[in-house]
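J.: Handing you this structure, nothing more for now.
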Amino acid sequence: MFVVSVVGYKPLSAGIRPAVICALFGGLPWKQLLHINGSNQEVLLITGLKWPNDLLTGFHTKHHHDSVTYRAPEPMGEHFFAESFDRGTLDGWVLSKAKKDDADEEIAKYDGNWAVEEMKDSKLPGDKGLVLKSRAKHHAISAQLLRPFTFDTMPLIIQYEVNFQSGIDCGGAYIKLLTETSELDLDQFVDKTPYTIMFGPDKCGEDYKLHFIFRHKNPKTGEYEEKHAKKPDADLRSYFTDKKTHLYTLVVNNDNSFEVLVDQTVVNSGNLLKDMTPPVNPPAEIEDPDDHKPEDWDERPKIQDPDAVKPEDWDEDAPAQIPDEDAVKPDGWLDNEPEYVGDPDALKPDDWDEDMDGEWEAPQIPNPACESAPGCGPWKRPMIDNPNYKGKWKPSMIDNPNYQGIWKPRKIPNPNYFEDLQPFRMTPFSALGLELWSMTSDIFFDNFFITNDRNTADRWTADGWGLKKAAEGAAE
């Protein structure tokens, strides 16, 4: 990596944030800046960045080859949940003691193991995370937020890190934000526990997914329905296969816009009112289920011409092909020689029983006499298309004067119609949970963070994932 010392500017304070450094470097994305050491007035940059010379005017640069030192991130600013696992324990987390209702008894238990440990190939000694340790088992673990998150005027920002250390065959690494209810019991956390948002990566076979699902409450019936964000256009494969630590971020704003980011790059975005399936709001009109197509409704755009008459010279019996009368038998054609003859070198097997096997005949081989001839056997004229062939006569097609179009039921007002223009105001949630099945073990999770303030999220990212990225870059 590089260390850039500032010359000619005010000393950098320990509290200066990446946005300030971004301004000093001509507006470059702050995510390219990894760490600020206030005491030494130094800014650490990602290994290998090619900085234009004019941006370094006023700065002295020097190479710095020391390993990146890990320090656990500390949440600064408004937040609802922050977990780095660097205490080395699962304090505050609850393992589910429940069973799945719809699974065989031997696999119904949530008995998959979890551990807090460093990555197998960690580039940051001391950096621990939550690791899913078992394969082919159900896992469920959850933790309470500091306080419930209520959707008001501030955005929701969720982020966490995942590293598929052993790759991934089939399994998920998504989280659920568990709905605040009086019945919420974390040690009974199962797949059917109500959640407000489900977010994160999931893969089986060659189907690579990045879920963003929220449960919308029908204002008329009170029932909940899952709404799925459209599939990202970006190619997600490398996030599952490169065995690097990736940062997954979801931002949902009170204007109903949302963004899904991986490593601070937007891979999906849209609007809760326009880009969810099924749509948040049902159609104002629906087809009348009691309306039926009349028996005499004519949907045929074309019909046979009733006035058409078959021409008198139309021969329906003429063959499609006829012998070519202009063809001439090639010179040297051997009419009296068969194409195949018995193999003169073949011998009847010693164990051949004519009573059981019948009369023995030598196997057939191509007639050697035909090798230099244009052909053998009776010569026949080749067949050609019959110029007089017309096939079966059919009347020509004309526009149907009685055509009424494709019938559709009439529209009626939708009795279940409602209009929710603020789907952002989702049901409050009070816990974060992972309820997963995986055919691959050693999935590493780290640095869960929930906030409503972008700057707070940026600081957590810089001190957590940013440091990992710096260490991984330094090791390459």
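J.: Give the value in nm², to one decimal: projected area of the alpha carbon convex hull of the chain, averaged over all directions.
T.: Averaged projected area of the chain's Cα convex hull equals 49.5 nm².
J.: Out of the stretch 168-211, which trypsin sites (Lys or Arg not before Pro) are coil in DSSP terms and have no more than 14 other C-beta atoms within 10 Å?
T.: Filter output for the stretch 168-211: 192.
J.: So what's the back-of-envelope 222 nm ellipticity for the chain, counting only DSSP H runs of four-plus at -39500 (n - 2.57) apiece and dividing by all residues, rounded to 500?
T.: Taken over the chain, the calculation gives -2000 deg cm²/dmol.
J.: Between the helical axis of 465-475 and the dominant principal axis of the chain, each derived from Cα atoms, what acute angle in degrees is found, rounded to the nearest 10?
T.: For helix 465-475, the angle is close to 70 degrees.
J.: Same structure again: Where Lys and Arg each count +1 and Asp and Glu each count -1, what net charge lies around residue 254 among other residues with Cβ under 15 Å from its Cβ?
T.: -3
J.: Hey, how many Å between the Cα centroid of the stretch 286-361 and the Cα centroid of the stretch 368-400?
T.: What the calculation gives is 11 Å, centre to centre.
J.: Moving on to the next point. Please list, by residue number, every one of the GluC sites (Glu not before Pro) in the stretch 215-247 that is coil in DSSP and has at most 15 other beta-carbon atoms within 10 Å.
T.: Answer by residue number: 223.
J.: Another one. With every protein chain kept in place and ligands, DNA and RNA left out, what is the accessible area per residue of the chain? Probe 1.4 Å, answer in Å².
T.: Solvent-accessible surface per residue comes out at 56 Å².
J.: Got a number for carbon plus sulfur as a percent of the stretch 236-355's accessible area, 1.4 Å probe?
T.: Carbon with sulfur: 46 percent of the solvent-accessible area.
J.: If r is the Cβ-Cβ distance from residue 192 to residue 407 and R0 is 35 Å, what FRET efficiency results, to the nearest 0.05?
T.: 0.25
J.: Can you tally the net charge around residue 282? Count Lys and Arg as +1, Asp and Glu as -1, for every other residue whose Cβ sits under 11 Å from the Cβ of residue 282.
T.: Charge balance near residue 282 sits at -3.
J.: Please identify which residues in the stretch 375-390 have an amide N closer than 13 Å to a label point set 7 Å out from the Cα of residue 329, following the Cα→Cβ vector.
T.: The answer is 375-382.
J.: Could I ask something else about it? Note down the net charge around residue 136, summing +1 for each Lys or Arg and -1 for each Asp or Glu among other residues with Cβ under 13 Å from its Cβ.
T.: Net of charged neighbours comes to 0.
The values are calculated or read from the model by the stated rules, or taken from the named source; none is laboratory data. Quantities reported herein were computed from a predicted structural model and do not represent experimental measurements. Cβ coordinates were reconstructed from backbone atoms using ideal geometry, including for glycine residues, and neighbour counts include every protein chain displayed. Side chains included, ligands, DNA and RNA excluded: accessible areas come from the protein's heavy atoms. Shrake-Rupley method; radii C 1.70, N 1.55, O 1.52, S 1.80 Å.
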